[in-house]
Structure formats: C-alpha cells, structure tokens
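Everything on this sheet refers to the single structure shown next.
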Amino acid sequence: MKPFRGHGFPLAVWTSGLAAASGVAALIVVTLGLVAADRLDAASWLALGVALVVTALCAWVGYRAGRRFAVALRHLRENATHRLEDAHAPLVGDSKDHVLVSAVPELLELARALEALHLRIRVSDDVAARHRQLAETASAGMFELLSGLVEAEESARGQLSAELHDTVAQTLMLARSLLTSPVVEPSDLVTIRELVAEAEDQVRAVMARTRPPALRDGDLAQAVLALRDDLRTRYGLEVLIEWPSSPYPLPLVTAVTVYRFFQEGLLNVVKHADVDIARISLTVDETHVVAVVHDDGPGFDPEQVRPERGRHVGLGLLRERVRLAGGSLDITSWPQPGTTLTLRMPRGAPSGPLAPSNRRSEPVPSS
C-alpha cells in the first residue's frame, strides 16, 4: 500500500467551512423559496440577515471546536510518544483534554487503543530484555564452560605428563645411561632388556589407567574392580566396595565421571591419608547417582589446598569435571579425623549397563 502523502486543511478549517457552507446553503434555499412565493419583504430580509449572522457564529463555534479537537489529538500523540520513554507518564494529562476525551466516544476509543498499544510495547520490551539477558547469560555460561573444559584438559595433560615422567621416563633414562657406556657388558644388556620391558609395562599401565578397557565397554563395575586390584598391587591399599545389588544403566559421561571420581579420590588416599584401607560406595536411583570415597586418615583443610607447579591439581580437576557434568562435590574433613568425598550428579539418559551380572556387585566387608 502506498503511503499517504496528502496535504489537506486543518480540522478547524474543515469544521468551520462545513458549518458555514451548510448555513449559507440553507439561506440560499430559503431566499429562493421566498422569491418564488413573492413574499420577500423587509421582515424576511431582516430574518435572513439574522440567519446569516447565526451561520457565521456557528462557523466560528465549529472552528473553535475543530481546533480544540485537533489540540486534543496532538496532545494524545505527544503523550503517547513520551510514554515510550517514561512508562509512568499519563496519556491524558490536561483536564480539558480529559473532559473532551470522556465526552467524545471517538477520542475515548483512540485513547484506549493507544493504551493497549503501549501495553503491548512494554510487554515486547520486557520479553526482548529477558531474551537478551538469557542470551548474555548463555554466552557467559558457554565461555565459562569452555574455560572449564580447557582447564580440565590442561590439568589432565599435566597429571599424565607427571605420571609418565615418574615412571616411563625414569626407566628409559636408566636404560639410556647403560647404553651410553663405552663398553656394554652382557649383564648390562640383560638389565637394559628388563628396563625396556618395564617401561613397556608402565606405558600399558598408564594407558589402562587413562581409559580402562572395561570402561570403554560400558562396564563401570568391572573398571572399578580393576582399579581396586591395581591400587592393591601398586600401593598396598585395600579398597572395600559397596555396590548396587541390581544393574542400572548409565550414560557414558556419568560412568566416566564416577570412575574418575573413584580414581582421583583413592589416589588422594594413597598420597595423603597414610592408611591401608579405604571405602567406596555407589548409590543409584531413577534420577541421581551418589558416589562416596572415605578414609580414616588425619584429614586436611580443603580451603588450604592450592595447585602449585603441577601438584595438588587432583581436587581442582575433579571439581571441574564434576561441575561440567552437572553435579556437585562435597568434602568433609578437618578438623575431624578422616576424609569423605561425596559426588552427587544427575543420572542422565541410560545408554548401557552398569553391572551386567551379580558377580560385579560386591558389598563392603564389615569392619
């Protein structure tokens, strides 16, 4: 539709002009009737003159009314525009405008329509502001999530690097020191062969700890049992397990998070608790997963633990991993003896069996 670009007369001119035209037309008709009836005398001319004055007066009243009507319309437009900046500004502020709007149904309907449009604009602004806030929050959350992923990845890389340095790198350095000797004795060759075989075993062990084969197959119970056996063999730590008696399907991200929680928690027991026995438990229901690692060591103050040069990154990495998975990690320790780590997280959508058979379910022996 083409925009309206006409330039007409003001409303006051239209009202006064129409009133004057109507009066003059009426006078002309009456005059012609009197002429046709031959009754146009002095009294008739006087009456026609008075009628002409009344017509002019009506035109002037129409002009004033049209002008006042136009002023009321202009005030409505200005007030409606002002309300876009100040929501509390009145739509009809002038008392004269209020009387005119109340008296003229058309102006009253126009005021109601402007009020409804203003309300819709306010609702639209509120919805837009809410969406903008949600977008900003989502953007900030995405940046925080990305930062957490990068931090978790770098911490995991540092932890893996430290473990490789303490195991495989040291073994290979011993083998290289023997190979750099000017004369290599047969006994040295045997030692070198044993060191290389040990380094190979250490690499396999690191690979298994990084991603256990059982966990790749979706068997969290078997992966935890392998972790228990590895800790018993390497560190002499006895792990008592309390496991669900019935199999529960868990998504891979939940199973991996729970396994890393047990792994990191038990490694912390080995490093800091100075005990020979630790207890772990897993509870699964329809909505949540709760995992617990407990030891009877001296305990520590979690607030005083800070990552430093690649050390003490376990708890921070664990917290970040759990947070990214939508769960929470609680630490109960110092000043009371013993430490309890508790993981709580949503169970998530099932994707594979937790424990395929009853032999994967092992209760905690009574102490």
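FYI, it's all coordinate maths here, none of it is from the lab. Remember, predicted model here, so these are calculated numbers, not experimental data. Because the Cβ atoms are built from the backbone with ideal geometry, glycine has one as well, and the counts that use them run over all protein chains shown.
Within the stretch 25-101, report the trypsin sites (Lys or Arg not before Pro) that DSSP leaves as loop and that have at most 16 other Cβ atoms within 10 Å.
Of the trypsin sites (Lys or Arg not before Pro), the ones in loops of the stretch 25-101 whose Cβ has at most 16 other Cβ atoms within 10 Å are ARG39.
Taking the alpha-carbon centroid of each part, what is the distance from the stretch 266-300 to the stretch 41-68 in angstrom?
104 Å
Using the Karplus curve 6.51 cos²θ - 1.76 cosθ + 1.60 with θ = phi - 60°, what ³J(HN,Hα) values do you get for each residue of the stretch 262-271, in whole Hz, with x for Gly and Pro?
4, 4, 5, x, 6, 5, 5, 4, 4, 6
Equivalent-ellipsoid semi-axes (√(5λ), Cα gyration tensor) for the stretch 11-103, whole Å, largest first?
In descending order, the three semi-axes are 45, 10, 7 Å.
As an exercise, identify the GluC sites (Glu not before Pro) in the stretch 231-289 lying in DSSP coil whose Cβ has no more than 10 other Cβ atoms within 10 Å.
GLU286
Once the dipole of the stretch 223-308 is set up with Lys and Arg at +1 and Asp and Glu at -1 on Cβ about the Cα centre, which of THR287, PRO298, ALA255 lies farthest towards its positive end?
Comparing the listed Cα positions along the dipole, ALA255 ranks first.
Amide H neighbours of LEU237 under 5 Å, at least 5 residues apart or on other chains, H built in the peptide plane: list them.
Hits under the 5 Å cutoff: ARG232.
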